[in-house]
Structures are given as structure tokens and as C-alpha cells.
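See structure below.
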Amino acid sequence: MKRPLPSKVTKKGVAKRTGLWYTIARSIFRPILEEIEAMSQAMQDAINEMRADVEQQTTVTQSVVTLIQTLSQQISDAADDPDEVRSLAQQLSANTAALAAAIPANTGTPEAGAGEGDTGEQG
């Protein structure tokens, strides 16, 4: 038959663990538990940061879709006016350049060596 851990009932009726084994176990496991709690908090912080990044990217993506749809409609509407088509083409080029500059400027730099020699093909 197993003996229960020694305990002492306090004035409020709450069992308080006592004894050498309890003290040893607590001193061993408390730092482990604190480390697990710290790791859990770090993971939650990382998840929250990623959630905010996804929301921001979604907003940007939706804006780009709206821009493309608007330009497409403007080009369709101006099909009979060569000067208007030329103007829209210049606007499209400017927007493309702005997007092309914004993407690398707002994304992290790949780690050194990452992706070198990788063509994306599986072989």
C-alpha cells in the first residue's frame, strides 16, 4: 500500500504539504515549471506577432487587388482613347515600381546562404 504524501492541515482547512521529499521535489520541479511557463509566454507572444503580421498583409493584399481591379476597369473603359490608355499604362508602371520597391523593403533579409542553388524544383 502506498503512503500518501505527508501533509498538514492549516487553520483554513487547506492541506499544506510537508516533509523532506516534498521539499526536494518542489526545489527540483519549480525551476522546470517556471521555464515551461516562460517558454509558453514566448510562444504566445510570437503567435500574437504573427497574427498582427497576417492582418497587415491581408490589408495590403486587399488593397493591391482593389488597385488591379480599378486599373483593369479603367483600361477597359479607355480602350478607344489611345492617349488615355498610354496614361493608364504609365500609371500602372509607376504602381508596379512602387510595389516592387515596397515588397523587399518591408520583408526580412534572407539568411546568408538560404536559397542559394535552390531552384524550387524537386528532383
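The values are calculated or read from the model by the stated rules, or taken from the named source; none is laboratory data. In this text the structure is predicted, and so the values were computed from the model without any measurement. Note that we place each Cβ from the backbone using ideal geometry, even for glycine, and neighbour counts take in every protein chain shown.
Structure data summary
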| item | result |
| --- | --- |
| Positions within region 79-89 being surrounded by 10 or more Cβ atoms within 10 Å (Cβ to Cβ) and either in a helix (DSSP H, G or I) or under 22 Å from the mean Cα position of the chain (by Cα) (or both), in sequence order | Glu84, Val85, Arg86, Ser87, Leu88, Ala89 |
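Yes or no, residue by residue, for (1) closer than 19 Å to Asn106 by Cβ; (2) at pLDDT below 90; (3) touching a Ser or Thr at 6+ places or on another chain (Cβ under 9 Å):
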residue: Leu20; (1), (2), (3): no, yes, no
residue: Ile24; (1), (2), (3): no, yes, no
residue: Pro31; (1), (2), (3): no, no, no
residue: Ala42; (1), (2), (3): no, no, no
residue: Asp45; (1), (2), (3): no, no, no
residue: Gln57; (1), (2), (3): yes, yes, no
